[in-house]
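Just below is one structure, and these are the notes that go with it.
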Amino acid sequence: MKIVIVNYGAGNIQSIKFALNRLGVEAILTDDETKIRSADKVIFPGVGEASSAMQKLKASGLDKVIPTLKQPVLGICLGMQLLCNTSEEGNTKGLGFFDVGVVKFSNSVKVPQIGWNQIQNLKSNLFEAVSENENMYLVHSYYAPLCKETIASSEYGLQYSSALQKDNFYGVQFHPEKSSTAGEQILKNFLNLTSNISNQIKR
Amino acid sequence: MLTKRIIPCLDIKNGRTVKGINFLDLRDAGDPVELAKFYSENGADELVFLDISATEERRKTLADLVLKVAETINIPFTVGGGISSVEDVEILLNNGADKVSINSSAVKNPQLINDLASKFGSQCIVVAIDAKLIDGNWKVHLVGGKVPTALDLFDWAKQVEKRGAGEILFTSMDNDGTKNGFANKALKKLSTQLNIPIIASGGAGKIHHFTDAFNIGKADAALAASVFHFKEITISELKNELQIQGIPVRK
């Protein structure tokens, strides 16, 4: 199985590579379109600021490549947010794959949210063998509101989307690579997805 | 609901853990990677590595250590000690650190906080503040608490937040090492006046000290070293008790 981690110069991507190594999988870090298109699974990570990350994607042409991928794609943290329509962070357009706009947490809660929070209302094969209310590690100031593509929600002052799915695209706000054994299970589930995604949404 | 974090802190000198490590069941208690693995498998929510080396090879040794830790553990970790530039931070983050902690260098050059936050994002910038109560005022100290400054803890903390820090690690030097509990009054003031998470440090001795840091001090996380290293408190018994007290924890 060929796993590609999209390398577009956004933040710490070693962690995801190391997490996959611990699962016995070697991943390739690349920004090369051919290598990305030919991978069995694509991981789209991201740490940092949304508008500058979008600029980097545009500069490399990856903004056109990623939304047209056919294999399972997993966006993590900012990667998930960039797959949405827009982000309030730097007032940027996103890749427009998930039909929702990313907004900032209000000041009624501490921002950023840092730490372990529960994921609930799990609705995808991505969460096979993961318990309802399992704790995941999150670090973020912006969030995707609940929408029709929500496959997991969490509570931080309000209920928001901690995971999204549409067709072959999955997005998680939390960091499975830093979320202990439960996070590893989610990565394993992603690696085990087949490209036939037609019946993978359990609603 | 966001849980309260329990954070063991490992002091590192020349790539080895120092100060009060007494893990008889570890093959090599001085190996930070092995100790980190033990904590990550036993309920720690996060780890902090504080480098106290003074050698010239410090940077490289620390960068190598960060890489090994990142390869091994599956929970987040912060690295601090002697970090003073954007380049320092870049190396550590690229090697797999989740967050970096800066202290004296932020006081000497507050613009560093802005620079780091805009380049790497607030979420990975922790500012550590050591302070001591002098004539009724909390004064910020530098160089591991040796050098007093004129800075007021709360003024400095607000400035740090405004400049883009994602988190504050507050150590009360009056409480540190006493095992008599955290500085809950100052913690509560920090936690209510600021809108970023506050990590309590200094003074943990008993389980109820943690309960107090969360309930009275309103801390978002609590850090301790020797009580964990000497197994005076295990993380699992601590979390059991916190849960009984109605404090949300990850188990």
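Figures for the structure shown
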quantity	calculated
Wholly enclosed helices (runs of 4 or more DSSP H) of region B:146-251 bearing at least 1 residues under 30 Å from A:Ser131 (Cβ atoms) and in contact (Cβ under 8 Å) with a residue 12 or more places away in the chain	B:207-215, B:226-229, B:235-244
Region B:71-100, residues that are in a loop (DSSP other than H, G, I, E, B) and in contact with a helix residue (DSSP H, G or I) (Cβ under 7 Å, 6 or more places away or on another chain)	B:Ile73, B:Asn74, B:Ile75, B:Pro76, B:Gly82, B:Ile83, B:Ser84, B:Asn95, B:Gly96, B:Ala97, B:Asp98
Cross-chain or 6+ apart pairs with Cβ under 8 Å, region B:64-85 first and more than 9 Å from chain A (Cβ to nearest Cβ), then part of a loop (DSSP other than H, G, I, E, B) and β-branched (Val, Ile, Thr)	B:Gly81/B:Ile52
Positions within region B:207-234 being within 14 Å of chain A (Cβ to nearest Cβ) and surrounded by fewer than 19 Cβ atoms within 10 Å (Cβ to Cβ), in sequence order	B:Lys218
Looking only at region A:38-93, and only at residues there that are more than 14 Å from chain B (Cβ to nearest Cβ) and among the acidic types (Asp, Glu), the one that is farthest from A:Leu146 (Cα to Cα)	A:Asp40
Residue in region A:70-89 that is aliphatic (A, V, I, L, M), surrounded by 21 or more Cβ atoms within 10 Å (Cβ to Cβ) and in a loop (DSSP other than H, G, I, E, B) present	yes
Members of region A:30-69 that are free of Cβ contacts under 8 Å to residues at least 40 places away in the same chain, of a type in the set (A, V, I, L, M, F, W, C) and assigned to a helix (DSSP H, G or I)	A:Ile36, A:Ala59, A:Val65
Residue check for B:Leu142: among the aliphatic types (A, V, I, L, M) and under 30 Å from A:Cys77 (Cα atoms)	no
Candidates A:Tyr160, A:Tyr170 - the one that is closer than 25 Å to B:Glu167 by Cβ, aromatic (Phe, Trp, Tyr) and more than 10 Å from chain B (Cβ to nearest Cβ)	A:Tyr160
Leading residue by the ranking (nearest to the other protein chains (Cβ to nearest Cβ)) among those in region A:12-37 that are under 22 Å from A:Gly96 (Cβ atoms) and crowded, with 17+ Cβ neighbours inside 10 Å	A:Asp31
Unique match (being within 18 Å of the chain's Cα centre (by Cα) and at pLDDT below 95) among B:Gly177, B:Gly181	B:Gly177
Yes/no for B:Asn195 being over 15 Å from the mean Cα position of the chain (by Cα) and under 18 Å from B:Arg5 (Cβ atoms)	yes
Candidates B:Ile134, B:Ile129, B:Ile102, B:Ile113, filtered to the one that is crowded, with 18+ Cβ neighbours inside 10 Å, more than 14 Å from chain A (Cβ to nearest Cβ), among the β-branched types (Val, Ile, Thr) and out of contact with any Leu (no Cβ under 7 Å at 6 or more places or on another chain)	B:Ile113
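The values are calculated or read from the model by the stated rules, or taken from the named source; none is laboratory data. Remember, it's a predicted structure, so these values are computed and weren't measured experimentally. Glycine gets a Cβ as well: all are built from the backbone with ideal geometry, and neighbour counts include every protein chain shown.
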